[in-house]
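Read the structure below first, then the notes.
Every number in this text was worked out from the coordinates using simple rules, so none of it is lab data. Quantities reported herein were computed from a predicted structural model and do not represent experimental measurements. In this analysis, Cβ positions are derived from the backbone assuming ideal geometry, glycine residues included, and neighbour counts consider all displayed protein chains.
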Amino acid sequence: MAQLTINGKKIQTPGGTILAVAREHGIRIPTLCHHPALGPKGACRLCLVEVKGSRVLQPACTFPVSEGMEVQTDTPKIRTARKFVLELLLSDHPQDCMTCEMCGACELQDLMYEYGVKETPFRGERHAYPADDRDPFILRDMEKCIRCRRCIRACDELQSVNAISMINRGFRAKVATSFDTPLQESNCVFCGQCISVCPTGALTEIDSRGAGRTWQTQKVTTTCPYCGVGCNFDLHVRDGKVVKVTSRWDSPVNRGVLCVKGRFGWQFLHSPDRLTVPLMKAELWKKRTGTDGTPSPYAGFVEADWEAALDAVSDGLAAAKAQAGPDAVAVLASAKCTNEENYLIQKLARREIGTNNVDHCARL
Amino acid sequence: MSFSLASHLQELDDLIDREKARGGALIPVLHQAQELYGYLPRELQDYIADRLDLPQSTVYGVVTFYAFFTTRPRGRHRVGVCLGTACYVRGNTKNLERLSQELGVCPGESTPDWRYSLEVCRCIGLCSQAPAIMIDKSVHSKVQPDQVAEILSQYE
Amino acid sequence: MTREELERIRAEAKQALEARDMTTLPEGELKPPRPGEVRVVLRNCGQIDPTRIEDYIARDGYFALAKALGMSPEQVIDEVKRSGLRGRGGAGFPAAQKWLFARQAVAARPAPADGSPPAYLICNGDEGDPGAFMDRAVLEGDPHSVLEGMTIAAYAMGATQGYLYVRAEYPVAVDHLQKAIPQARKLGLLGKDIFGAGFDFDVDIRIGAGAFVCGEETALIDSIEGRRGEPRPRPPFPAVSGLWGKPTSVNNVETLANVPQIILKGAEWFAAMGTEKSKGTKTFAIAGKVKNTGLIEVPMGITMREIIYDIGGGILDKKKFKAAQTGGPLGGCLPEQYLDTPIDFESLAAAGSLMGSGGLIVLDENDCMVDVARFFMDFTQDESCGKCPPCSLGTKRLLEILTRMTRAEGTPEDLLTLEYLTQNIATTALCALGQGSVNPVVTTLRHFRDEYEAHIRDKFCPAGVCKGMFHYEILAECCTGCGVCRKKCPEGVIRGEKKAPHEIDQPNCIVCGDCYKACKFAAIAIRPGPTEKSRRAAHKTETPQG
Ligand SMILES: Cc1cc2nc3c(=O)[nH]c(=O)nc-3n(C[C@H](O)[C@H](O)[C@H](O)COP(=O)(O)O)c2cc1C
Ligand code: SF4
Ligand code: SF4
Ligand code: SF4
Ligand code: SF4
Ligand code: SF4
Ligand code: FES
Ligand code: FES
């Protein structure tokens, strides 16, 4: 246990960084390169604080607390330093908040707002990389990048893919793949973890462009339908339509991490091809009900209800079993089902139908 | 100039095996690979990444961080003009301008016949004999612009 | 190896050495000691064949190691502590203190179960300051003194593996070290159970790849691990968690080369040299506009005037001294009024400069201080690792402003912005590269503000350096009509009869300066405003940048 003071307030803590301890005690320190899911970097210098006895300002995100320490987090000296860093960042940043995807959810914009940085006193060269939309799913607008390396750390620490790294150095340093190719030509798996941690509009979802500001969408927390892992995430819904998926860092199952399907594969929801009612072959329907049924957009199929559809399936299975024995039936389960559902399916196959012919699409 | 990984593959494999045992192998391997092949094109970097179990992006990130590594082929002779402090104040920019004229290339470029490449370097430790120029591994000290052409002619 | 064997080798080697004629180092590199010099670190350079271990032993080499291994590590630390030895790599941190911290960190953790070294010692031979070459001279001229110093330091702190990080620009140093290490191993001076004291230590060489920032200790460690050399915030300090997460001490070449002498001759001997807080000697590489350039080693506390005038022989070509630049790109430019300041860590820092590694560049009246500041900023900007915005963006903005000023495009606001940048970069940058990058600007602004103002207000470079910002005029009252300038002028634009004042045909002068250099009577003056031709040329060309 260490005792220290932050802004004069006495604090008891078992330890940690100044940032962590301050946050636990409701003291906000601005950050840019820090992300709770990633290791500390100490690069952006926004979290600088005064530590008594230390000649220079220290980054709260890496500096460990110790017994008797006296920390100040919001003095004029600190505010000047932070404002200075923001002004520098702004001198190498397009002032594109008007059309930027991240406006309203951008950590850089929030800090500019908080520190009243409307203009930069510095004029000079600004990186002018064209926005790179050659990849599926991910739009990389690197002139908005502040080189916090959160994406690089996410790709490494969360995804273990390391598709991207810092290249060059100094002013020319840039986040890129090997030889600065499109992501497609690297080992990127398009998990989008990099987007989920990017504090600015440098990395965004290509298919969500212009679809809704953060305050214009309703967030619906849900479970991914694609596989049995059951990752949680937020659907962003506007006018009854899903426009984007974002990570939920508090999800116990996946802790914010998603795969390409969960993060980017939501378009099927509003596909005109999506089945919303069971379909039955028209002749089967006629045979079983004697009516023509409701026509569907698919030739030869009519719309059924679940009751009728399941009856038809169970009758069919019973007939096959009666005619040629239980091993005439095989059951293929789906990776889109939960483990519990898959368990029930094999139960159905083994106990009700009586066959061991059970397999799963993930194995095919 | 076309690149052939196969041309020195045996040596490359040997040195990778040797360095791998020492830890922190990447930079020593890149040094020696560049010595063997002259430069570090993509094919070579990717091969090294593969053999050292490193991500390709990491290798490229390292190569582009250090000024010593190059991804472009260089001339047979590397003409390095020191622009360290001592050489700068003793007027090596004049020599650089003259070299640039003589060779018809800017710093960082190579002559079309691949005889020379012109580079700027920062202090080769000959400050007391500034201004200094380093061609391959030999040094020329107290160089005056008028001597430049003659010095160049020593390198075929 | 035992002490007796070592003594036997010494006796034989001494005779062999005395019989030999020593002229190994290139001419001009290391002259015999000049009055006022004291050689501790450089004592063997030029006196022995650095590729022969016997030569080193002949001059008492490895006797300090034998002695140290007969002491306890704590005693070794104590001896060095009492000597007052401070790091020669720039910051001046007490060497013994560093080893003690590392030793405590080793004790605080369990011994590695996998047999890997419990701690590392790194010798920093990156010497990136462009204008300094002391470490190169020691590594080339006396490699064993560094190896011996490393071994003693490793014993004191508890390391069993050492790394010697040498910059790639020093192939000869690498070659000599590659010869020295196997020689020491063969005699059992490196390796297992050295001097039968149960202490193991070995050294591996790592070659840099052209990045100044890798001289910074945390970046150096990352570089040895095979990564981009980007500094990390401290804590954790390398002494606690350094190379591969182990306690690590990073020491400079010159620091380590002092260690054997301290052990051999005792802390008191060392502490008798220098000032109250800066003990011993310091090597300097004098370069620039001084008559005797080269390496010197002097007791701490000597003044700049003694170095430049007594040892350095004064300024070249009877020009006027303007400033001495110490500490390299992170150091500062000190004008005449500091010539009598004693050189030690505190005095230099108080003057706004740095001891740095010991580069000392002398500047004269024909060096433009704005251009010098621009030169250093060009260097640091190029060498910034790019991790933190204050340095990667800040040095870029500084360079842009300084470049504008040297191209007659500076504005009064630029001067204010320059000051704003320097104040804040120093307090917000992550590592000492960014923090120190402003020093050349701060010191030139402080001491040569008038030059900045001339560049901005009058678009005039009084030193006659910045292209398109001055022209030459022949002063009729001084011109003897000797005609030298007329003959020198490559454009043939100087007119004048013999023995009568000459004149420059201004519109056609390209301001090459050949006449200015040639005139023996100081009859040619630098005046504001470009000539027609020089203005056009200045717009076309840019100073090449590395
Ligand atoms: C940008 C930068 C470059 C440095 N370059 C060197 C160097 O070339 N050689 C060196 O010994 N120390 C250099 N240092 C200082 C090292 O970080 C470190 O303090 C030193 O090696 C410690 O050795 P010492 O205590 O013996 O001085 C540099 C520091 C910085 C910030
Ligand atoms: S990244 Fe942020 S600050 Fe930059 S344009 Fe977009 S919203 Fe504005
Ligand atoms: S999408 Fe995933 S794999 Fe691709 S760069 Fe981003 S984090 Fe790395
Ligand atoms: S792309 Fe985003 S996350 Fe990556 S470094 Fe740039 S700003 Fe940071
Ligand atoms: S101050 Fe410069 S060199 Fe140091 S970490 Fe920041 S960007 Fe890198
Ligand atoms: S500066 Fe050069 S061109 Fe002009 S007069 Fe002098 S020698 Fe001639
Ligand atoms: S949040 Fe601490 S330095 Fe970026
Ligand atoms: S500055 Fe050119 S050799 Fe040192």
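Ordered by residue, what ³J(HN,Hα) values in Hz, to whole numbers, does segment C:339-354 give under the Karplus form 6.51 cos²θ - 1.76 cosθ + 1.60, where θ = phi - 60° and Gly and Pro are x?
Along segment C:339-354, the couplings run 4, 9, 6, x, 8, 8, 4, 5, 5, 5, 5, 4, 7, x, 10, 8 Hz.
For a protection proxy built on the mean count of beta-carbon atoms within 10 angstrom, sort A:236-245, A:162-171 highest first, please.
A:162-171, A:236-245
Using 18 Å as the Cα-Cα cut-off, could you pick out the over-long pairs in C:K31/C:K291; C:K289/C:K322; B:K137/C:K282; C:K319/C:K520?
In this structure, B:K137/C:K282 exceed 18 Å between Cα atoms.
Which of the trypsin sites (Lys or Arg not before Pro) found in segment A:123-157 are loop residues per DSSP with 16 or fewer other Cβ atoms within 10 Å of their Cβ?
Passing sites in segment A:123-157 are A:R123, A:R126, A:R134.
Show that you can apply the helix-only estimate: for chain A, add -39,500 (n - 2.57) for every DSSP H stretch of four or more residues, divide by all residues, and state [θ] at 222 nm to the nearest 500.
-6500 deg cm²/dmol
Roughly how many Å is it from the Cα centre of segment B:112-156 to that of segment A:300-364, as a whole number?
First find each Cα centre; the distance between them is then 80 Å.
Which of the peptides A:106-117, C:114-125, C:212-223 is most tightly packed, and how do the rest follow, judged by the mean count of other Cβ atoms within 10 Å per residue?
Sorting A:106-117, C:114-125, C:212-223 by mean packing, highest first, produces C:212-223, C:114-125, A:106-117.
Explain nothing, just the number: relative contact order of segment C:42-271, from Cα pairs under 8 Å at least 6 residues apart, as a whole percent.
Relative CO of segment C:42-271 lands at 31 percent.
Considering only the other residues whose Cβ falls under 12 Å of the Cβ of C:G394, what net charge follows from Lys and Arg at +1 and Asp and Glu at -1?
Local net charge: 0.
Return a whole-number percent for the relative contact order of segment C:221-303, with Cα pairs under 8 Å and 6 or more residues apart as the contact set.
After rounding, I find 16 percent.
Please list the non-local residues whose amide H lies under 5 Å from the amide H of C:L190, H modeled 1.01 Å from N, same-chain partners needing a gap of 5 or more.
Sorted by chain and number, the residues that satisfy this are C:R185.
What list of ³J(HN,Hα) values in whole Hz, one per residue of segment C:61-70 in order, does the Karplus curve 6.51 cos²θ - 1.76 cosθ + 1.60 (θ = phi - 60°) give from phi, with Gly and Pro shown as x?
x, 6, 6, 5, 5, 4, 5, 4, 6, x
Answer rounded, prolate or oblate for segment C:158-288, using the Cα gyration tensor with square roots of eigenvalues a ≥ b ≥ c: rounded when a/c is under 1.5, else prolate when a/b is larger than b/c, else oblate.
Cα axes put segment C:158-288 in the rounded bin.
Starting with the highest mean, order C:342-354, C:129-141, A:178-190 by the number of other Cβ atoms within 10 Å, averaged over the residues of each peptide.
Ranking, from highest mean packing down: C:129-141, C:342-354, A:178-190.
Could you let me know the centre-to-centre spacing of segment C:428-451 and segment C:211-248, using Cα atoms, in angstrom?
When both Cα centres are located, 25 Å separates them.
If the reach is capped at under 25 angstrom between alpha carbons, list the lysines near C:K246, excluding any in the same chain fewer than eight residues apart.
Straight-distance partners of C:K246: A:K41, B:K20, C:K81, C:K98, C:K192, C:K387.
Quick check on segment C:60-106: take the gyration tensor over C-alpha atoms, sort the square-rooted eigenvalues as a ≥ b ≥ c, and tell me if it's rounded (a/c under 1.5), prolate or oblate.
It is oblate, given that a/c is not under 1.5 and a/b is not larger than b/c.
Give me the inter-chain shielding for C:417-429: mean count of other chain Cβ atoms within 10 Å, whole number please.
Whole-number average of other-chain Cβ neighbours for C:417-429 is 4.
Taking Cα pairs under 8 Å and at least six residues apart, what relative contact order does chain A come out at, in percent?
It comes to 10 percent, rounded to a whole number.
Which percent, nearest 5, of DSSP beta bridges in chain C are antiparallel?
Given both bridge residues lie in chain C, the antiparallel proportion sits at roughly 55 percent.
Averaged across C:218-225, how many Cβ atoms of other chains sit within 10 Å of each residue's Cβ atom?
Per-residue shielding by partner chains comes out at 2.
May I ask you to evaluate 6.51 cos²θ - 1.76 cosθ + 1.60, the Karplus curve with θ = phi - 60°, for each residue of segment B:31-39 and list the ³J(HN,Hα) values in order in whole Hz, giving x for glycine and proline?
4, 6, 5, 5, 4, 5, 9, x, 7
Evaluate peptide B:128-138: per residue, the Cβ atoms of other protein chains within 10 Å of its Cβ; return the mean as an integer.
Counting Cβ atoms of other protein chains within 10 Å of each residue's Cβ and averaging gives 3.
Identify the GluC sites (Glu not before Pro) of segment C:26-84 meeting these criteria: DSSP loop state and at most 15 other C-beta atoms within 10 Å of the C-beta.
C:E27
So, in Å, what gap is there between the alpha-carbon centers of segment B:42-97 and segment C:483-498?
Spelled out, the Cα-based centre of one part sits 45 Å from the other.
Considering only the protein assembly as shown, what is the antiparallel percent among its DSSP beta bridges, to the nearest 5?
70
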